[in-house]
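The values are calculated or read from the model by the stated rules, or taken from the named source; none is laboratory data. Here the structure is a predicted model, which means the values were calculated and not measured. Glycine gets a Cβ as well: all are built from the backbone with ideal geometry, and neighbour counts include every protein chain shown. Surface areas here come from the heavy atoms of the whole protein model, side chains and all, with no ligands, DNA or RNA. Shrake-Rupley method; radii C 1.70, N 1.55, O 1.52, S 1.80 Å.
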Protein chains: 2
Amino acid sequence: MTKFMDVHHNMKGITEDQLRAAHKADLDIEKDENVHFERAWADPKSGTVYCLSEGPSADAVQRIHERAGHKADEIHPVPLTI
Amino acid sequence: MTKFMDVHHNMKGITEDQLRAAHKADLDIEKDENVHFERAWADPKSGTVYCLSEGPSADAVQRIHERAGHKADEIHPVPLTI
């Protein structure tokens, strides 16, 4: 299993409730791909959202995000962590 | 205090030891700006490093990164966190 950081752009104005709902939508189906979404951080002003996850591949992470209605713009494996 | 996610590009080939040394260089001086660097994630292949910090401003975060020898390419406040 690998850790991934993915990035969503164009999320300007996202609210705390919307971030929470989007994260829950991921959690609800993540087991289908053996993925786990651990954390999420959002900057409503620039419209950037970062998600930290663990899973078997970037494709698996993307499949969950797509099915949940918010495809990621970038997904980077982050094998080094502090 | 605000949380910030900053991004460094052009860090291709970064090793675990180099990431740890860079993070320690931040920690050694972070108190000067009332900043705290909490986590860091690196993708040696694409050369991307993400740092999560807390501090009074993006400028304060950048001043520590600059003095430590690794200026960030982007710094986003991330007021929303899960």
Residue within the stretch A:1-23 that is in a helix (DSSP H, G or I), open to solvent by 10 Å² or more (accessible area, probe 1.4 Å) and more than 13 Å from every other protein chain (Cβ to nearest Cβ) present:
no
Candidates A:31, A:45 - the one that is within 23 Å of residue B:4 (Cα to Cα) and of a type outside the set (A, V, I, L, M, F, W, C):
A:45
Matching residues, the stretch B:24-38, being part of a helix (DSSP H, G or I), without any contact (Cβ under 8 Å) to a residue 40 or more places away in the chain and among the aliphatic types (A, V, I, L, M):
B:27, B:29
Could you figure out which of (1) surrounded by 18 or more Cβ atoms within 10 Å (Cβ to Cβ); (2) under 12 Å from the mean Cα position of the chain (by Cα) isn't true of residue A:78?
(2)
The stretch B:34-68, residues that are small (Gly, Ala, Ser) and modelled with pLDDT of 95 or more
B:40, B:42, B:47, B:53, B:55, B:57, B:58, B:60, B:68
Assuming residue B:62 fulfils every condition listed in (1) touching a Ser or Thr at 6+ places or on another chain (Cβ under 8 Å); (2) farther than 22 Å from residue A:39 by Cα; (3) of a type outside the set (Lys, Arg) apart from one, which condition is it?
(1)
Return the residues of the stretch A:1-54 that are of a type in the set (Gly, Ala, Ser) and under 16 Å from residue A:68 (Cα atoms); say none if nothing qualifies.
A:21, A:22, A:25, A:40, A:53
May I ask you to list the residues in the stretch A:39-75 that are part of a strand (DSSP E or B), open to solvent by 30 Å² or more (accessible area, probe 1.4 Å) and in contact (Cβ under 8 Å) with a residue 24 or more places away in the chain?
A:54, A:74, A:75
Please find, within the stretch A:24-52, the residue that is farthest from the other protein chains (Cβ to nearest Cβ) out of those that are among the basic types (Lys, Arg) and within 13 Å of the chain's Cα centre (by Cα).
A:24
For residue B:82, all conditions in the list (1) modelled with pLDDT under 95; (2) more than 26 Å from residue A:54 (Cα to Cα); (3) among the hydrophobic types (A, V, I, L, M, F, W, C) hold save one; what is the number of the exception?
(2)
